[in-house]
Amino acid sequence: MGSVAQDSESIETRLFINGEFRPSTSNKTFPVVYPYTKEVVAQGPIPQYIVHEANEQDVDNAVTAANAAFPSWRDLGIDQRAGYLRKLADLLVESHAKLAQLETLCTGRPISQFFDASFSADQFRYFAEGGWNAQGTASLSTPGLLSMTLKQPYGVAGLIIPWNFSLIAFAMKMAPALAAGNTVVLKSSEKAPLTSLYVAKLIAKAGFPPGVVNILSGFGNPAGSAIASHMLVRCLSFTGSSLTGQRVQTAAAKSNMKHVHLELGGKSPAVIFEDADLESAAAQTQFSVQFNSGQVCVANSRIYVQESVADRFLQLFREKFAAVQIGDPLDPATTHGPQIDAIQYNRVKEYLAIGAKDGTRTVGDDAENGFFVRPTVFERVPEDSRLMREEIFGPVVAINTFSTEAEAIEKANNSDFGLYASVFTKDVDRAVRLAKALEAGTVGVNCTSPTNAKDGAIGGLKMSGSGREGLLYSLDNFLEVKTVLIKTAPA
Ligand code: NAD
């Protein structure tokens, strides 16, 4: 530990198109840097992970392959498609250790916090069975007609994923897309391409027919925007920032009006009332914004605590929040890793400066040690400060106070985002009122993010996205409804 890990297994760094690994047509490449050491990641016989970068031509090649593979994949039926999904699930579980290492090397997430391989395997297993739910309706309500709806795959699905929890986003999109009968072109994040490339190897091993799954490494421009604009990509599932989501939606509208599903950023509030279990509220809310060094879409980065208990809550929060183990993310004892790269680190530093100007810093700051930022608390920040309004994506929280329930709701909802909100109270009436009033795709009562139910719906209101993902929801993101009318002659 301390330097970039080495092992004997080589990693594929080329593009996975039509069932084979190919260099990029431009021969352009980019490095993967371990955020802890800032060294280019290297392993085995490959001196450095120099990843091939897809351009428009590579995207077109991948889409063409997916389009050609579509009719026979669709016509296999779910029983046979499920066989491939189950095989991939088994391979994911077997590859837990390797995937954990690659995720940590790309992102700096502490390796002890990697649960993604088993979570992802569960997605493929669930949709192997859940594919049977591609069901329409049938009706005799119109005289002389049997009216039916069918749910059918779109064709080529474009999948664009972010760098944080990339394997999870990969699986949550790819499993339902394939189960529904679509073929896919997935672009990983330029910051975290290695887990996707490793899974491409597993896909080849599982024996998927060529062209069904295509995996590209590359940047938003040109590769991401080429997928969003491609005339043969019929639906697009995107997870990333709200700004990129707007660009993707615009590109989709300007090209072929492809169906777009967006999972975007957040600025999630937690509201803590005086009757709450303050120990539990402090423990949960500090973890929410410290986990993965705050680089979590649902992190509760705004906390509102009732004035009467503010001192006690803040004391508990500060103690727990500061007690992190900063270190090499490959060390299982580390609980707090660096920000992913210089861009993200400098972005967080900009907000540290804004917080220091607009509010009062009471815990933490820049760790002045590589890309590390200590868990940081700002208090008494004006509601119109950029610190309160913009997604920081770092371990930085603003804690303000309120006196009445109405004030708490007004402050919590005063945001362009609406991903996850939480309320801590023992009053069931108040809990229900807040669950109704808070503008968020998910509301936690006496719990906060990242808590979620496996069979729940994930998604946002306002600029946090449109559409929902989840075991019970995702299949429909990859199916379109067709009405079939059969005219029946009277007896
Ligand atoms: P990002 O928006 O910078 O990039 C996301 C993906 O979009 C990457 O693959 C990137 O290469 C690609 N991209 C960039 N520009 C593009 C363009 N013009 N056209 C097409 N694709 C383009 O986001 P990020 O930094 O990778 O991830 C962090 C963001 O993702 C945060 O805002 C976070 O809140 C959000 N996120 C949301 C969820 C959710 O479920 N709502 C989950 C994880 C992350």
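Could you point to the residue in LEU330, GLN315, GLN284 farthest towards the positive end of the stretch 264-379's charge dipole, with +1 and -1 charges on the Cβ of Lys/Arg and Asp/Glu respectively? Highest projection toward the positive end goes to LEU330.
A Förster radius of 25 Å combined with the Cβ-Cβ distance from SER112 to LYS38 puts the calculated FRET efficiency at roughly 0.70. At a Cα cut-off below 14 Å, give the aspartates and glutamates reachable from LYS28, other chains included and same-chain residues fewer than 8 away excluded. Candidates past the 8-residue exclusion: GLU53, GLU56, ASP58, GLU190.
From the square roots a ≥ b ≥ c of the eigenvalues of the alpha-carbon gyration tensor of the stretch 91-133, which class results: rounded (a/c under 1.5), prolate (a/b over b/c), or oblate?
On the way: a/c = 3.55, a/b = 2.70, b/c = 1.32.
Here the stretch 91-133 falls in the prolate category.
So which of LYS187/LYS267; LYS173/LYS254; LYS258/LYS349 end up more than 32 Å apart, counting from Cα to Cα?
Details: LYS187/LYS267 26 Å; LYS173/LYS254 23 Å; LYS258/LYS349 38 Å.
Over 32 Å Cα-Cα: LYS258/LYS349.
Across the stretch 269-463, Cα-Cα distances exceeding 24 Å account for 34% of all pairs. Per residue, the chain exposes 39 Å² of solvent-accessible protein surface, assessed with a 1.4 angstrom probe and all protein chains in place.
Taking a 1.4 Å probe, which of ARG81, ARG374 shows the most accessible area, and what order do the others take after it?
Working: ARG81 15, ARG374 110 Å².
The most accessible residue leads, giving ARG374, ARG81.
Each of SER403 and SER308 was given a label point 7 Å from its Cα along the Cα-to-Cβ line. The distance between the two points is 1.3 nm. Computed from the C-beta positions of MET148 and THR25, the FRET efficiency with R₀ = 41 Å rounds to 0.35. Computing FRET efficiency as 1/(1 + (r/R0)^6) for MET257 and LYS487, where r is the C-beta to C-beta distance and R0 is 45 Å, gives about 0.90. Label separation (LYS436 vs ASP277): 2.6 nm, computed from points 7 Å beyond Cα along the C-beta direction. Other residues lying with their Cβ under 13 Å from the Cβ of ALA283 contribute a combined charge of -1, Lys and Arg counting +1, Asp and Glu -1.
Any chance you could run the full-extension gain for ALA322 through THR362? It's 0.36 nm times the residue separation minus the Cα-Cα distance, nm to one decimal. It would help to have the intermediate numbers written out before the result.
On the way: separation 40, 0.36 × 40 = 14.40 nm, distance 1.08 nm.
Residue separation times 0.36 nm, minus the Cα-Cα distance, leaves 13.3 nm.
For the chain, the average shadow cast by the Cα convex hull is 24.9 nm², which is a quarter of the hull's surface. Each residue, ARG380 and LYS349, gets one label point 7 Å from its Cα in the Cβ direction; the gap between the two is 2.8 nm. Probe radius 1.4 Å, ligands and nucleic acids ignored: give me the carbon and sulfur share of the accessible area of the stretch 269-463 as a rounded percent. Ligands and nucleic acids excluded, carbon and sulfur give 50 percent.
The stretch 444-466 to the stretch 266-306: how many Å between their Cα centroids? Between the Cα centre of the stretch 444-466 and that of the stretch 266-306, the gap is 14 Å.
The values are calculated or read from the model by the stated rules, or taken from the named source; none is laboratory data. Computed from a predicted structure; not experimentally measured. Note that we place each Cβ from the backbone using ideal geometry, even for glycine, and neighbour counts take in every protein chain shown. To get the accessible areas, we keep the full protein, side chains included, count just its heavy atoms, and leave off ligands, DNA and RNA. Shrake-Rupley method; radii C 1.70, N 1.55, O 1.52, S 1.80 Å.
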